[in-house]
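Here the structure comes first, spelled out in structure tokens, and everything after it is commentary.
Nothing in this text is a laboratory measurement; each read-out follows from the coordinates by a stated rule. What you see is a predicted model, and the numbers here were worked out from it, not measured in a lab. Note that we place each Cβ from the backbone using ideal geometry, even for glycine, and neighbour counts take in every protein chain shown.
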Amino acid sequence: TILYVAGENFGSHPLLRRTGVADGVLLLEVTSTWMNSYPRPNLCQASSWLNNSWMTCRLQPLEPPPLELRILGPGSVTLAGPWALEYAQPMLKRVSPDHLPVSGRVSMTIEGTGFPFFASAPPTAYLTWPTAGAATAVGRRLDQPQLANHTQFCSLAYKNETHLACSSLPSSAVAQLGCSRVELVVAWGELLSMPWPELSVAMPRITNVSGSAFEVGDALTYELIGENFGTAPEVPISVRIGDQPCHVSARTASLITCTVQGPALEGISAEYPRFGNSTIGRAGSVDGGIDNLAELSPLASENFSLGLPISVSLVPEGDHGACQEPLVGHWDSRVVRLKPCPPGHHRQSTNTTTCLPCPAGKAQPWEAPLVDCGSCKVGWYQPEAGQASCLPCPALRTTPGSGSIALAACSCEVGTFLPERFRLS
């Protein structure tokens, strides 16, 4: 690069008048203050005095900025300066791949213009959240202090003035930002490229949770199946099952195992199916004393479902910068089926998986997550525990109320009597 310096009185300085020769005595010097070592090489080669108002030299871009320009006189005495100089900002034109993984390793090539070669400051790629209006941010200048908010991604190999590359690097630096879109900046010491805001990051995705049957209880372990969960220990991960954090004990890129302490949803007990005041007769006999079962039949396990939000987040805690689309995956269906108890049994509580047999005088006809059993209705009884249906009283007999536990509770209906020869006592 030919550097021209314009001014005045380049040939009238007192020191020059004493020598009487300007050319070769009045020199241009450009040095880099990037390194604190001395002596600092003069990057301005073949300095030439043109006339009273112009000087020139050939600038060798061998050191990174900051750069200082001085005019030197005999004995390398500074006659004027220093003035700050800037290199033209390198431009990025293409980055490949433009979709980055959060697991495994990644290689990258960068194409552009004006890539310098500085022995003391090799190129380094940095990633950060895109700024507002990132789609129009190509060409935006980035100041050195702003680089402190970036994450170092990789040390690049210099190919030539238009190509840089890094290979087989862990993708943890990508996932640590926790953002689905990132921008890339290449730095040569304090010389920064224009930001490249057109990089996307693989989002975590949940495809299934704990198989087809699901439990919402206390201290239960879940398995989340999907992709892009991240595997590096330094990549943060948090899982939520309903209202509660799910503590991760193991993970791969496609499987997470975690445990929830406490009910997954606030007020989850209200979501479990109940008989309430309903009473039941024999299952499957609509006219056999099970009139109230019609309203409960949809609660059988094959029909009962619960809306439950589940999410996987790779976003670090605290300040997430300008990230507008964090790396958070949601289970699309958000519908789960509670694990059922077998017929004749009920859930001990909404916070356990324990199933207990229905007591005598009650029955439960379905494989379902009911938290209680239905009482045998008037005219029905059940002497044994763990039954799926109640037994009807003999003809013309009924019970004084619901929940009867013995045949002896069946007595003659009003207006009828039992002949003495059929009486038990």
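Contour minus end-to-end for residue 155 and residue 45, with contour as 0.36 nm per residue of separation and end-to-end as the Cα-Cα distance?
That works out to 36.6 nm of additional length.
Given a Förster distance of 30 angstrom, what is the FRET efficiency for residue 330 paired with residue 119, based on the Cβ-Cβ distance and rounded to 0.05?
0.05
Tell me, in nm to one decimal, what length is gained between residue 60 and residue 35 on full extension, where the rule is 0.36 nm per residue of separation less the Cα-Cα distance?
7.3 nm
How much net charge surrounds residue 78 when only the other residues with a Cβ under 11 Å from the Cβ of residue 78 are counted, with Lys and Arg +1 and Asp and Glu -1?
-1
How high is the FRET efficiency from residue 8 to residue 165, r the C-beta distance, R0 51 Å, rounded to 0.05?
0.60
Output ³J(HN,Hα) for the stretch 55-72: one whole-Hz value per residue in order, computed from phi by the Karplus curve 6.51 cos²θ - 1.76 cosθ + 1.60 with θ = phi - 60°, and x for Gly and Pro.
9, 8, 7, 9, 7, 9, x, 9, 10, x, x, x, 10, 10, 10, 9, 9, 9
By how many nm would the segment from residue 76 to residue 252 lengthen if fully extended, with 0.36 nm per residue of separation less the alpha-carbon distance?
57.0 nm
Around residue 94, under 15 Å between beta carbons, what's the net of Lys plus Arg minus Asp minus Glu among the other residues?
-3
So how do 34-47, 193-206 stack up, highest first, on mean other-Cβ count within 10 Å?
Per-residue Cβ counts within 10 Å, averaged per peptide and sorted highest first, yield 193-206, 34-47.
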